[in-house]
Every structure is written in C-alpha cells, then in structure tokens.
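Chemist: Mind looking over this structure? Questions follow.
Just so it is clear, none of the values below were taken in a lab; they were calculated from the coordinates. All values derive from a computational prediction rather than experimental measurement. FYI the Cβ positions are ideal-geometry reconstructions off the backbone, even for glycines, and counts take in every protein chain you see.
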Amino acid sequence: MVAPPPRRSRPSGQTGSTHLIGWLGHDSQSANVLATAQMHLNMRRAVVGALPPNMRSAFEVVKLDNHVLTLTVSSAAFAAKFRQLAPRVTAHMQTAGWNITEIKLKVQGGLGLPEVAKPLREARALDPQDLKAFEELSCALRPGPLADAVAKLLRHHQPQPSTTPASTPADTQQAPQPESHK
C-alpha cells in the first residue's frame, strides 16, 4: 500500500482567501482580473455611500469606461429612482477620488439581486391636542382647497359614536335546517 503524499501546511496566519488572492497575483492576466475586481468592489463601496439604505443592494458595477460608470440594476423602478439620485452619486464619487462624469444604467431582470424592501410607514393617530390645532387652523383659513383638505382631515379623525348592530346572531331566527333523508 502506498502512503499518500504529505500535506503541505499553510504558513500561519494565511487563510484560504488570501492564499487564492496571492495565487491570482502571480500571473499577469490573473493579476489584471484581480485588479479589476478590486476596483469594481471599491467603486461599489463608494456608490453605496451615496445611496439610501433601502437601495444599497439592488445594483452591481459593470464597467468604468471614459469616465462613464455603468451599473446594472434589477428593475426599471430602481433605475428611475437611481436616475434621480445620479447627480448626488456622481458628486460623491468625485469627492471620493473617482473621476466619474456620468452614470449609465442597464436594467437586467433576473439578476438574482434581492428585492428592495419598502420602508415601513410611520404614522400615529391624531390626539385631541392635534385635532384642536387643526380646528383652529380650519377656522382661520379662507375657503379653498386647503380649507377643504383640513375639513376632510377633521371629519376623518373625529371620534365615531359607538353603534350597536341592528341585530345580533342571537336575535336572528335561524332558518329551519332541511331534514336529511336516510
């Protein structure tokens, strides 16, 4: 029986990922791939820094070409929202040291990117003090759309008088059950 070759141990402190990165750096083509991947990750971090939390996971960096950053996004809705934020993201990227003049978006469904969750709506009920303030405002307003909106708000938030149902199940006579013929 032949003994298996002895296992080479890694130098202490070297993990599998650092070993892999070190291996990629030995070949010039692999080193270029590694440098591009690291550049994309750094650009992604810079873009994430300019986005609201609920939008940070719905894009990936595709390329940087002639100062134009191309991102792929998972939906047209995200692309529309991102276009609104593009000037802010571009300015943030420039302050972070990236020479970006424009951001292009490509919508590609089925990327496997997580769905962006809508933030929970924070609402509270109006207390009596709030209602009193709206009543005072309503009295001070001239007739018009704002006065109508405040009046509607007051009608909507007025306490409803308790009502009793016209009948309860106990008050209602039950229909006779059909006899079953066996």
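Chemist: Under 13 Å from the Cβ of Ala46, count the other residues' Cβ atoms, weight Lys and Arg +1, Asp and Glu -1, and hand me the total.
Modeler: Net of charged neighbours comes to +4.
Chemist: Same structure, new question: Using 0.36 nm times the number of residues separating Glu122 and Leu41, minus their current alpha carbon distance, what extension gain do you get?
Modeler: Gain on stretching Glu122 to Leu41: 25.7 nm.
Chemist: Just to be sure I understand the model, the point goes 7 Å from the Cα along the line to the Cβ. What's the resulting His67 to Lys152 distance in nm?
Modeler: About 4.9 nm, to one decimal.
Chemist: Give me, ordered by chain and number, the residues 5 or more places off Lys63 or on other chains with an amide H under 5 Å from its own placed amide H.
Modeler: Thr70
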